[in-house]
Every structure is written in C-alpha cells, then in structure tokens.
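Data block below; observations after.
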Amino acid sequence: MKICFSRGLCLAALFCFALPAQAAEPTADEVAGNIQKLYENTKDFKAAFNQTYSSAILGRNKVSSGFVYVKKPGMMRWDYNKPRPKHFVADGKALYIFDPELEQVMVDRQFSGSQLSTAVTFLWGRGKLSDEFKISFSKRKDLLGTDRHVLEMVPKHKARFQKLWFVVEKTSFRVLETIILDPGGNENRIHFSKMATNVGLKAAAFKFEIPKGMEVVEAPRAPSSRGGVYPRPKSPASKA
C-alpha cells in the first residue's frame with residue numbers, strides 16, 4: 001500500500017509539472033500597446049461598419065451603415081449606404097463631403113488627419129495611446145465578453161469628448177468597436193465587421209472628382225485645437 005501511495009504521489013507531481021503555465025492576463029496599458037503595434041504595421045484597412053448615434057436630449061438613436069477604407073499616409077474614405085448615400089473622402093490633402101441628395105460637395109482644403117480624434121486615427125497607427133489617455137479596463141456590462149478586452153480611455157489633455165471606449169478582440173488585438181461620449185452625454189458608436197488589412201488598396205480609390213452640376217461649398221479655415229472630430233451620422237468629420 002505504501003508503494004502504491006508513493007507512486008500515486010509521484011504521478012500526481014509529474015502531472016502537475018506537465019501542465020502548461022497559464023499566461024498572465026495583460027494590463028490595460030499592455031493591451032493598448034498591442035493595439036498600437038498592430039495598426040502601426042497596417043498599411044491599409046477596409047471594413048463594413050454600423051454606426052449608432054444616441055442623442056441624450058432627444059432620447060433616440062440614429063443608425064447608419066456602409067464601408068470604410070483607410071490607406072497610409074492620411075487617406076480615408078467613408079461610404080455611407082444607409083439610411084441614404086453620403087461620402088466622406090480624405091485624399092491626404094483635402095476632405096470632400098459629397099451629399100448626392102442635396103447635390104452638394106463641401107471641400108475642406110485645410111483638412112488633415114491631425115484633426116481627427118483617436119477614435120479614428122488609431123487606424124493609421126498615429127499617436128501613442130498611453131500618452132494621450134488614462135487607460136483602464138471598463139466595467140460596462142453592455143460591452144464585456146469573454147472574447148474581448150474593453151478599454152476605457154479618458155483624455156489627459158483638453159478634448160471635445162469625455163471618454164472613449166475600445167472593444168478589442170483578445171486573440172488579435174483588432175479594434176472591433178469604438179464608442180465616444182461627448183460633453184452633452186451623446187454617444188457615437190461604430191462597430192466594424194468584415195475587416196481586412198494590407199490588401200493593397202490603391203491611392204486612386206481616394207481620389208475624388210466633383211460631379212458636374214454639384215454645388216461646391218468651400219469650408220472656411222478653422223483654428224487649430226487639441227480636440228478631435230469623429231464620424232457621426234451627419235458628418236464623419238464633424239466635431240465630437
């Protein structure tokens with residue numbers, strides 16, 4: 001009996017040592033660092049998106065959807081299909097907002113990617129999240145899941161929004177969803193799907209030719225600030 005008991009202990013010990021060590025969960029800052037690395041190494045990006053803008057005053061949501069395309073350096077295109085067609089095209093030098101229903105094109109020739117908030121510019125791998133935000137894991141129950149990390153980020157500097165959330169895929173550190181809360185309590189939420197990176201998008205896809213017969217409105221020069229702009233149903237380049 002003693003021999004059998006000793007052998008059992010030995011086998012139990014060997015079994016325990018044979019178990020793989022469980023990887024430690026990353027910290028919020030480490031998750032942010034992995035997001036940074038992923039998108040710094042991304043040359044281009046495309047995805048379908050669904051966007052929900054929740055108005056605190058009106059107590060209702062506005063839902064939009066379409067496709068987004070990004071190419072370094074500084075090129076971005078948002079093609080809205082629903083509830084009606086609308087296009088936002090940044091070619092690296094100017095921003096064009098084309099509304100076919102209004103037969104109008106607004107042109108911002110002073111536009112630059114630096115005007116966009118981190119809710120969008122992370123796709124370009126710009127800036128350092130840990131320098132711009134106080135980062136922690138969120139406890140929002142509507143965002144949590146076993147397959148994801150949820151980062152809650154509060155700006156360290158003056159900005160036009162209160163908080164930003166990133167819903168991040170655990171296995172790849174891809175950002176699945178961004179949520180931004182503005183000072184008025186309005187929430188702008190974009191969910192990405194059908195994502196693909198480094199697919200060889202051509203710069204020509206970000207060239208915009210103003211259709212004939214359209215009214216052209218030139219945007220006035222705006223003063224620079226540390227704030228951000230964020231895609232919302234009326235305009236992906238409107239201030240958050």
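Worth a mention:
- Residues satisfying the stated conditions in region 133-142, i.e. modelled with pLDDT under 95 and surrounded by fewer than 19 Cβ atoms within 10 Å (Cβ to Cβ): K139, R140, K141, D142
- Residue within region 149-160 that is hydrophobic (A, V, I, L, M, F, W, C) and touching a Gly at 6+ places or on another chain (Cβ under 7 Å) present: yes
Condition check ((1) of a type outside the set (A, V, I, L, M); (2) in contact with a helix residue (DSSP H, G or I) (Cβ under 7 Å, 6 or more places away or on another chain)) across all residues:
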position	(1), (2)
V63	no, no
F67	yes, no
D79	yes, no
K86	yes, no
R109	yes, no
T118	yes, yes
G127	yes, yes
E132	yes, yes
I135	no, yes
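- For region 85-100, a tally of residues being farther than 20 Å from S65 by Cα and free of Cβ contacts under 8 Å to residues at least 24 places away in the same chain returns 2.
- Of the residues making up region 186-221, those that are in a loop (DSSP other than H, G, I, E, B) and closer than 26 Å to P100 by Cα number 13.
- For region 36-87, taking the residues that are assigned to a loop (DSSP other than H, G, I, E, B) and basic (K, R), the one that is nearest to K194 (Cα to Cα) is identified as K43.
- Any pair with Cβ under 8 angstrom, 6 or more apart, that starts in region 101-125 at a residue that is within 15 Å of F45 (Cα to Cα) and ends at one that is at pLDDT 80 or above and among the basic types (K, R): W124/K72; G125/K72
- Any hit, region 71-80, residues being modelled with pLDDT of 95 or more, surrounded by 15 or more Cβ atoms within 10 Å (Cβ to Cβ) and more than 18 Å from the chain's Cα centre (by Cα): no
- Members of region 130-161 that are in contact (Cβ under 8 Å) with a residue 60 or more places away in the chain, in a loop (DSSP other than H, G, I, E, B) and of a type in the set (G, A, S): A159
- Per-region count, region 163-222, residues free of Cβ contacts under 8 Å to residues at least 40 places away in the same chain and among the aromatic types (F, W, Y): 1
- Residues of region 109-125 include none that is surrounded by fewer than 11 Cβ atoms within 10 Å (Cβ to Cβ), of a type outside the set (K, R) and modelled with pLDDT under 95.
- Residue count, region 173-185 (criterion: assigned to a loop (DSSP other than H, G, I, E, B) and surrounded by 18 or more Cβ atoms within 10 Å (Cβ to Cβ)): 3
The values are calculated or read from the model by the stated rules, or taken from the named source; none is laboratory data. All of these numbers come straight from a predicted model, not from anything done at the bench. Virtual Cβ from ideal backbone geometry, glycine too; neighbours counted across all protein chains shown.
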